[in-house]
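S.K.: Have a look at this one.
Read-outs throughout are calculated quantities, based only on the coordinates presented, and are distinct from any laboratory measurement. Predicted, not measured: the structure shown is a model, and the values here were computed from it. Here Cβ is always computed from backbone atoms with ideal geometry, including for glycine, and neighbour counts include all displayed protein chains.
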C-alpha cells in the first residue's frame, strides 16, 4: 500500500466492491454475477451531501436487465480500525452494481476502515424507483435547504449530466438544453452546451445561489451566457 495515498483510490474501492460481492453471494447472488461481467470502475468521486463515495463506470449492454433494479442495502458491516469495531454502512446498488457507499469521511475510507474485514448483520433493502433516482440524489445533496427554497427549484425533473467525468444534477431547466445544476458537494453551475465554456461555477453553495436567483429565472439570463 502506498503510504502517501491521502484519499481512497479507485483500486481500493474495487477491492472493497469485490469483498462486498463475495460476502453477499448467498443472499444476493446477482451482485457477484453482474460484477464479473461489468465494465471496470473508471472513476470515483467523493461528496459531502450525502457523505459518500460514488462509483462511476460504463455499461455493458449485454447485461442490462429487462427491468432496472435500484435499492439501498443495509446490514453490511465493515471494521473501523480506529474504533476497533464493526460498523454498519449503507450501500446503494444500481442494476445490481455498487454505485454509492454512504460513509463518514469518505476520502479517508481506506484509513478508517479495513475494507478486507466485512460482516453481515441484519440485511434489509429499500427499493428506489428508477424514475426517482436522479431526484433522490439531488434531494440528498440539498437535504439542508428549506421547503420554500425547494419549491422554487425543478427537482421533480432533475437529471444527471456527466461532463469531463464530472457529474452534475440539474435543478433548473433554462431551455434549449441548458441548465442550472449542482455537483455532489453542493456547488452550483451553469451548463450551456453551446458555450465554449460548457460548465461554469456560479455559486459555492445553494444559499449563495438563491441570493442571485430569488425565484426568478430572468435573474439568471446573463449568467447563462457569460
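S.K.: Subtract the Cα-Cα distance of residue 72 and residue 147 from 0.36 nm times their separation in residues, and report this length gain in nm to one decimal.
M.R.: Result: 24.5 nm gained on full extension.
S.K.: What percentages make up the Cα-Cα pair-distance distribution of segment 131-225 when the bins are 10 Å wide from 0?
M.R.: 17, 56, 26, 1
S.K.: Now a separate question. Could you tell me the calculated FRET efficiency between residue 208 and residue 37, based on Cβ-Cβ distance and R0 = 45 angstrom, to the nearest 0.05?
M.R.: 0.55
S.K.: While we're looking at this one, here's another question. Quickly rank 85-95, 211-221, 197-207 as a protection proxy: mean count of other C-beta atoms within 10 Å, highest first.
M.R.: My ranking of the peptides, most packed first, is 85-95, 197-207, 211-221.
S.K.: Tell me, how many Å apart are the Cα centres for segment 10-43 and for segment 160-183?
M.R.: Their Cα centres are 29 Å away from one another.
S.K.: Another question, if that's okay. Based on alpha-carbon atoms only, what is the radius of gyration of the chain relative to the globular estimate 2.2 N^0.38 Å?
M.R.: That ratio works out to 1.10.
S.K.: Rounded to the nearest 0.05, what FRET efficiency do residue 51 and residue 129 give with R0 = 30 Å and r taken as the Cβ-Cβ distance? Could you check? Display every interim value, and only then the final one.
M.R.: Details: r = 23 Å, r/R0 = 0.78.
Efficiency, rounded to the nearest 0.05: 0.80.
S.K.: Kindly put 16, 71 in sequence by how many other C-beta atoms sit within 10 Å of each C-beta, fewest to most. Kindly include the intermediate steps, with their values, before the conclusion.
M.R.: Values: 16 25, 71 16.
Listing 16, 71 from fewest to most nearby Cβ atoms yields 71, 16.
S.K.: Roughly how compact is segment 10-128, stated as its Cα Rg over 2.2 N^0.38 Å to two decimals?
M.R.: This ratio for segment 10-128 stands at 1.01.
S.K.: Shifting gears a bit: Full extension from residue 107 to residue 216: what is 0.36 nm times the residue separation minus their Cα-Cα distance, to one decimal in nm? All intermediate terms of the calculation are to be shown ahead of the outcome.
M.R.: On the way: separation 109, 0.36 × 109 = 39.24 nm, distance 3.66 nm.
Extra length available between residue 107 and residue 216 comes to 35.6 nm.
S.K.: Simple spin-label model, 7 Å along Cα-to-Cβ: residue 117 to residue 197 in nm?
M.R.: So the two model labels end up 4.9 nm from each other.
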